[in-house]
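Contents: one structure, followed by commentary.
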Amino acid sequence: WIPGCAENALTVGASNGNSVEDYSSRGPTDYGLEKPDVVAPGTGITAAENCGVGFGDHSGTSFAAPHVSGVIALMLEQKNLVPAEIKQIIKATAVDLGYDGNTQGAGRVDAWAAVNMSINWVGSPLLETEVSVPLENTVSVPFVINATISNKGSGDAENVTIVLAVPEGLAIIDSVEKSIALIGSGTSASVNWTVNASLAGTHNANTTTSASGVDAFSTPFTIVVNPQTSSVVLQPDASSGKDAYISSSSPNKNYGSADPLKVQTSSLRALIEWNLSSIPANAVISSAVMQLYVPSVQTSTNNTVNAYRITRQWHENNVTWNKYDGAHTWTTAGGDYDSTVWASQSVGAKNRYYYWDITRLVQSWHNSTYPNNGLILVSQSANNRKDISSSDSTNASRRPALLVNYTI
């Protein structure tokens, strides 16, 4: 086996020349995996006895594994390979003995071929996907599923796509398929989907990830939808809402009654604060999703917009780039906020809703871990302004909304 995480483990069966005991009737593992990965000589192997001095002939997988360990040592002499690459090469060069996959795996290890492939190995992408789902969700209230794709190989992954599949009873609000042009070696990228449930229960779902030259693979997970969760939608109007944007080009001008709000790199930032008094004091918040409508954009190219926690009270009708209340300056011009990214969303085309999962942030406000001074939206892309409908919008359905699920 190859030391490291479970997905890099290499399981080895024993063979006698071209013969392997047929275990095909046993089928795959309990997890649906084809095992072993490969087979290696393991019959009549001369080895040191485990007691006394001397040697004896023995059989079994314990005597096949050292053969593979030796092959790996020779491979590593040729190239500094990561565990997943070692496994990939050994399986790719194995000799097919004609047996069922659950008997021989990819076939019998070919030491010469494996070492030769290692010599000429130029690297390849090796992708892994990790999916994060809120622990509790409720019917008819959108929630966000996040996926992180990591490239642990020695080559860049190009044209990466990931597709979310959910069963009946769950609806994906935005695009099912997400595309990432490039994930470099040793880096990762994140995507998310907004999902709405019409049926309570535990649902099985999965993502399928693929890239140029990489076999598609699935990552299964479950989604729990709780019908007992209470929910509230906070969508204030101009009189009760609190939002504004600030501009570095007009650092002393207030935009507290503006519609829309604007975000663009370090020059335009949007501030939003929610009144949480309608949520019972003893409520346990299970999810909180911010819904924002984008009526116009500078370009439709995707732009990552991060949400940060504001660390100082501010006044909607007086806040500017330089001052939080019209009289006193921010510690740092452009707003005082902590460095933690509490939520992130890729914003592209106009005339649609976008969602930020700010569950942890709302929880921290509600339980008084942090004072509720609202959040600030900071764009990560230059020359790609995104506009967001404010509480001053004449279209009530487009005003910022906070969708909260909680239990008592």
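Need one word for segment 67-172: rounded, prolate or oblate. Basis is the Cα gyration tensor (sqrt eigenvalues a ≥ b ≥ c); a/c below 1.5 gives rounded, then a/b vs b/c decides. Cα axes put segment 67-172 in the prolate bin. For Cα Rg over 2.2 N^0.38 Å, the value computed from the atomic coordinates appears in the list (1) 1.07; (2) 1.30; (3) 2.39 under label (2).
At a Förster distance of 41 Å, what's the computed FRET efficiency of Ala349 paired with Thr407, Cβ-Cβ distance as r, to 0.05? Plugging the Cβ-Cβ distance into 1/(1 + (r/R0)^6) gives 0.70. Using only protein heavy atoms and a 1.4 Å probe, report how much of Arg309 is accessible, in Å² to the nearest 10. Here the accessible area works out near 20 Å². Note on segment 200-306: along the principal axes its Cα atoms extend 53, 48, 20 Å, ordered by decreasing extent. Note on segment 159-227: Cα-Cα pairs beyond 20 Å make up 34% of the total pair count.
Return the FRET efficiency for the residue pair Arg360, Ser210: r is the Cβ-Cβ distance, R0 is 25 Å, and the value is rounded to the nearest 0.05.
Working: r = 31 Å, r/R0 = 1.24.
Between Arg360 and Ser210 the formula returns 0.20.
Averaged over its residues, the chain has an accessible area of 47 Å² per residue, based on protein heavy atoms and a 1.4 Å probe. Peptides 229-235, 216-222, 319-325 ranked from most to least packed by the mean count of surrounding Cβ atoms within 10 Å: 319-325, 229-235, 216-222.
On the chain, 48 percent of the accessible area sits on carbon and sulfur atoms, based on a 1.4 Å probe. Given springs between every Cα pair under 10 Å in a Gaussian network model of the chain, which of Ile45, Ile358, Ile180 has the largest fluctuation? Top of the fluctuation ranking is Ile45.
The values are calculated or read from the model by the stated rules, or taken from the named source; none is laboratory data. Because the structure is predicted, anything quoted here is derived from the model rather than measured. Ideal geometry is used to build each Cβ from the backbone, glycine not excepted, and the neighbour counts take in all protein chains shown. Heavy atoms of the whole protein, side chains included, go into the accessibility calculation; ligands, DNA and RNA do not. Shrake-Rupley method; radii C 1.70, N 1.55, O 1.52, S 1.80 Å.
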